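The values are calculated or read from the model by the stated rules, or taken from the named source; none is laboratory data. Source: prediction; values computed, not measured. Don't worry about glycine lacking a Cβ; one is built from the backbone with ideal geometry, like all the others, and counts go over all protein chains shown. Only protein heavy atoms, including side chains, enter the accessible area calculation; ligands, DNA and RNA are left aside. Shrake-Rupley method; radii C 1.70, N 1.55, O 1.52, S 1.80 Å.
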Amino acid sequence: MNRSLVNIKTLARDELKADLVKTGLKSYRADQVLQWIYKKHALSFGEMTNIATAEREMLASRFAIPVLSVLHEERSTDGARKYLFGLEDGHTIESVLIPDEDRLTLCISSQVGCRQACRFCLTAKGGFTRNLRSWEISDQVLMVSRILKEEGGRGITNIVLMGMGEPLANFDEVLKALQVITSGRGLGFSPRRVTLSTAGLVPFIDALGKSGVKVNLAISLNASTDEVRDRLMPVNKRWPLKELLAACRRFPLEPRRRITFEYVLLKGVNDSEGDALRVAKMLKGIRGKVNLIPFNPFPGSEYDRPGEKTVRRFQQILLDHRYVAPVRESRGRDISAACGQLRERAIEALDAATDEGRGRREEGEKRCTPPSS
Ligand code: SAH
């Protein structure tokens, strides 16, 4: 992007209006421009044919419309697709598109890497590089929508912030992105179709509740005792289960909505009957459901997935306690078995192929904060 230009995607609607008025354009042009960008997927001002040529030229001399570049698309035999996006500074992120009968869910990233250092997570192994800017978060949705529209198939129905990164550790930019994603002047998704998943950053769970952005909340629970959760998720040492669950209890839920508790089942670690009973007990009084996710192994991972019988037994205990508790299989396992793996592989391929890739990798590594487990 030309540095002297303003990235139009960093301006809120009101800021854009004010800016246009300052340059002598009518403020309603802002909504026209936003409609071109978010609804008609325009990539340049030249395409905005209901705006006079002179005004389009003025816009182009002041603003840029940057986009994430699609570096790679991989398709799974189960219908899932992974997209690898390139950022302006050479880093990469990924999004995963997951079809099921009535939904087409896009799983998006909120950071390059992650600082949470969860022991079962591949993204954590690479450490943290940087926060995504708000437009880099919402643009994952825009670019995949654009691809789907060109193909003429159905569009995205649901969005989950469950890709790389901890969304609540990048709170301000994630909130701005959610505003673009859920605004009628932006991407126009109903907030009930958007879910933010967190490892449990308690003050920011409260802040999300107060923000007025009424997206769904998912909590990565993953253990039934502080002892085990401390080991799996270092964030628990800062905000242990009692505080996390208290934050869930005071989270302002819309009518008929529930908090989703994700529980990655790790063989012999958190998958016993006792664990299931403790989970059922600790969630009492919270309007919640439990998504059970058998661990998705990756090369070098130190955990295994439990057998089918163990998974079903765990599920049955929760069902007996009247929780909704579906078992969720990770999708797209044949294309890149775990979250973050596509990016890992792409970086390795770049490293192997080019000196430039090697340089980039080294630079990336210098900036990483190694997970402190
Ligand atoms: N940082 C956020 C969102 C990213 S992780 C969070 O912690 O919620 C999204 C989900 O993937 C989390 O529920 C996490 O527990 C789960 N997950 C991470 N690695 C996994 C693996 N190898 N197998 C199965 N689920 C995994």
- Message: One residue is enough: does segment 81-97 have a residue meeting the conditions acidic (D, E), in contact (Cβ under 8 Å) with a residue 60 or more places away in the chain, under 20 Å from F189 (Cα atoms) and touching a Leu at 6+ places or on another chain (Cβ under 7 Å)?
- Response: no
- Query: Quick one: N291 ticks every box in (1) within 14 Å of the ligand (Cβ to nearest atom); (2) in contact with a helix residue (DSSP H, G or I) (Cβ under 7 Å, 6 or more places away or on another chain) bar one, so which box is it?
  - Reply: (2)
- Item | Yes/no for L201 being modelled with pLDDT of 95 or more, open to solvent by less than 30 Å² (accessible area, probe 1.4 Å) and either acidic (D, E) or closer than 28 Å to S301 by Cβ (or both) | yes
- Message: Return the pair list, or none, for Cβ contacts closer than 6 Å from residues in segment 183-204 that are under 19 Å from S220 (Cα atoms) and within 16 Å of the ligand (Cβ to nearest atom) to residues that are assigned to a loop (DSSP other than H, G, I, E, B) and of a type in the set (A, V, I, L, M), at least 6 apart or on different chains.
- Response: V194/V215; L196/V215; S197/M162; A199/M233
- Task: For segment 80-107, name all the residues that are within 21 Å of F171 (Cα to Cα) and either part of a loop (DSSP other than H, G, I, E, B) or under 13 Å from the mean Cα position of the chain (by Cα) (or both).
- Result: L87, H91, I93, E94, S95, L106, C107
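Out of segment 9-23, which residues are aliphatic (A, V, I, L, M) and open to solvent by less than 40 Å² (accessible area, probe 1.4 Å)? Walk me through it before giving the result.
Of the residues in segment 9-23, the ones aliphatic (A, V, I, L, M) are 11-12, 16, 18, 20-21.
Answer for segment 9-23, where residues must be aliphatic (A, V, I, L, M) and open to solvent by less than 40 Å² (accessible area, probe 1.4 Å): L16, L20.
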- Message: Can you pull out every residue in segment 305-319 that is under 16 Å from N222 (Cβ atoms) and either open to solvent by 30 Å² or more (accessible area, probe 1.4 Å) or assigned to a loop (DSSP other than H, G, I, E, B) (or both)?
- Response: R305, P306, T310
- When residues of segment 40-51 are limited to those that are under 31 Å from the mean Cα position of the chain (by Cα) and of a type in the set (A, V, I, L, M, F, W, C), the one surrounded by the fewest Cβ atoms within 10 Å (Cβ to Cβ): L43
- Query: Are there any pairs with C-beta distances below 9 angstrom linking a residue in segment 155-169 that is crowded, with 24+ Cβ neighbours inside 10 Å to a residue that is of a type in the set (F, W, Y) and in a loop (DSSP other than H, G, I, E, B), with the two at least 6 apart or on different chains, and if so which?
  - Reply: I159/F189
- Query: Quick check: is even one residue across segment 136-143 surrounded by fewer than 22 Cβ atoms within 10 Å (Cβ to Cβ) and either touching a residue at least 60 places away in the same chain (Cβ under 8 Å) or not aliphatic (A, V, I, L, M) (or both)?
  - Reply: yes
- Item | Among residues of segment 52-68, those that are farther than 26 Å from L148 by Cβ, surrounded by 18 or more Cβ atoms within 10 Å (Cβ to Cβ) and among the β-branched types (V, I, T), counted | 0
- Query: Quick check: is even one residue across segment 91-108 among the basic types (K, R) and surrounded by fewer than 17 Cβ atoms within 10 Å (Cβ to Cβ)?
  - Reply: yes
- Task: Could you pull out every one of the strands (runs of 3 or more DSSP E) wholly within segment 208-294 that has 3 or more residues that are open to solvent by less than 40 Å² (accessible area, probe 1.4 Å), of a type in the set (S, T, N, Q) and touching a residue at least 12 places away in the same chain (Cβ under 8 Å)?
- Result: none
- Is there any pair with a first residue in segment 100-124 that is without any contact (Cβ under 8 Å) to a residue 40 or more places away in the chain and more than 13 Å from M162 (Cβ to Cβ) and a second that is open to solvent by 20 Å² or more (accessible area, probe 1.4 Å) and more than 8 Å from the ligand (Cβ to nearest atom) whose Cβ atoms are under 9 Å apart and which are 6 or more apart or on different chains, and what are they? D100/G79; D100/R331
- Query: Out of all the residues in segment 251-294, which are β-branched (V, I, T) and at pLDDT below 95?
  - Reply: I293
- Task: Scan segment 295-304 for residues that are open to solvent by less than 70 Å² (accessible area, probe 1.4 Å) and either at pLDDT below 95 or away from the ligand (no atom under 16 Å from the Cβ) (or both) and jot them down.
- Result: F295, N296, P297, F298, S301
- Test result for G127, touching a Pro at 6+ places or on another chain (Cβ under 9 Å) and either more than 14 Å from the ligand (Cβ to nearest atom) or closer than 30 Å to K267 by Cβ (or both): yes
- Which numbered condition trips up I147, out of (1) away from the ligand (no atom under 15 Å from the Cβ); (2) crowded, with 18+ Cβ neighbours inside 10 Å; (3) over 15 Å from the mean Cα position of the chain (by Cα); (4) among the hydrophobic types (A, V, I, L, M, F, W, C)? (2)
- Task: Answer with yes or no whether T77 is within 16 Å of the ligand (Cβ to nearest atom), open to solvent by 10 Å² or more (accessible area, probe 1.4 Å), in contact (Cβ under 8 Å) with a residue 40 or more places away in the chain and not in a helix (DSSP H, G or I).
- Result: no
